[in-house]
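Following: one structure in structure tokens, then a few remarks.
The values are calculated or read from the model by the stated rules, or taken from the named source; none is laboratory data. Quick caveat, the model's predicted, so the values are computed rather than measured. No Cβ is skipped: glycine too gets one built from the backbone with ideal geometry, and neighbour counts run over all protein chains shown.
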Amino acid sequence: MPGVITRDPSAALITPRVLITGSRDWLDADVIHAALKQVWAELCPPYRDDHGVYTRAVPTLVEGACPTGADLIAYTFACRAGWGTERHPADWRLHDVTCPRWHANEMRCHRAGYRRNAAMVKLGADICLAFIKDASPGATHTATLAARAGIPVRRFTYTTPGAVPRPRRVRQTITRESNR
């Protein structure tokens with residue numbers, strides 16, 4: 001069945017990692033809760049332990065520690081459900097060599113969230129759940145990186161009625177003609 005995650009039953013003791021990314025202004029907790037419950041059921045089916053007691057593994061939620069939106073909703077769910085949590089807040093003050101000169105002296109680095117997203121994906125996950133509202137660039141970025149890394153991605157999108165679509169950056173290939 002497409003979209004269903006299958007795991008080797010002998011890997012029941014391995015802690016599955018669920019990467020979540022989402023818009024800061026995502027408000028629909030029901031969608032996030034349903035997605036997390038479904039993934040939990042797929043990744044951690046109940047099994048009988050050595051004492052004959054039915055139990056199940058508990059996943060680890062990997063998220064960007066945003067104090068609002070999808071991250072907060074998922075973090076709250078994970079804490080209440082007894083999941084492990086792995087929080088990765090962006091260091092908005094840190095600039096690096098990839099930063100353009102025009103913002104190197106600013107107090108807030110515009111690329112910090114993207115660096116954090118890449119680091120979370122690099123750590124790996126069994127699945128990525130992306131809750132993208134109004135084409136959120138950060139959540140879209142993380143989902144794209146996860147897909148490129150071979151992590152299965154489930155996208156949940158919402159467009160606010162009347163919202164103006166965000167322009168997409170188009171990468172241009174610049175070629176120089178040789179002087180003859």
Among (1) assigned to a loop (DSSP other than H, G, I, E, B); (2) surrounded by fewer than 12 Cβ atoms within 10 Å (Cβ to Cβ); (3) at pLDDT 95 or above, the one test that Asp50 misses: (3)
Kindly provide the set of residues from region 84-135 that are loosely packed, with under 15 Cβ neighbours inside 10 Å and among the basic types (Lys, Arg), ordered by number. Arg87, Arg93, Arg101, Arg108, Lys122
Here is a list of conditions, (1) in a loop (DSSP other than H, G, I, E, B); (2) farther than 15 Å from Ala125 by Cβ; (3) in contact (Cβ under 8 Å) with a residue 40 or more places away in the chain, and Pro67 meets all of them except one; can you say which number that is? (3)
Got at least one residue in region 26-46 being modelled with pLDDT under 90, more than 21 Å from Asp126 (Cα to Cα) and assigned to a loop (DSSP other than H, G, I, E, B)? no
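Yes or no, residue by residue, for (1) farther than 30 Å from Val39 by Cβ; (2) modelled with pLDDT of 95 or more:
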{"position": "Glu63", "(1), (2)": "no, yes"}
{"position": "Pro67", "(1), (2)": "no, no"}
{"position": "Arg87", "(1), (2)": "no, yes"}
{"position": "His95", "(1), (2)": "yes, no"}
{"position": "Asn105", "(1), (2)": "yes, no"}
{"position": "Cys109", "(1), (2)": "yes, no"}
Taking the conditions exactly as written (basic (Lys, Arg) and in contact with a Ser or Thr (Cβ under 9 Å, 6 or more places away or on another chain)), does Lys133 satisfy them or not? yes
Criterion first (in contact with a helix residue (DSSP H, G or I) (Cβ under 6 Å, 6 or more places away or on another chain), among the small types (Gly, Ala, Ser) and modelled with pLDDT under 95) does Gly22 satisfy it? no
Under the condition of being at pLDDT 95 or above and among the basic types (Lys, Arg), which residue from region 149-174 is nearest to Leu36 (Cα to Cα)? Arg154
Conditions (1) under 12 Å from the mean Cα position of the chain (by Cα); (2) closer than 29 Å to Gly162 by Cα; (3) among the β-branched types (Val, Ile, Thr); number of the one not met by Ile73: (1)
Does Ala57 satisfy the criteria of being touching a residue at least 60 places away in the same chain (Cβ under 8 Å) and part of a loop (DSSP other than H, G, I, E, B)? no
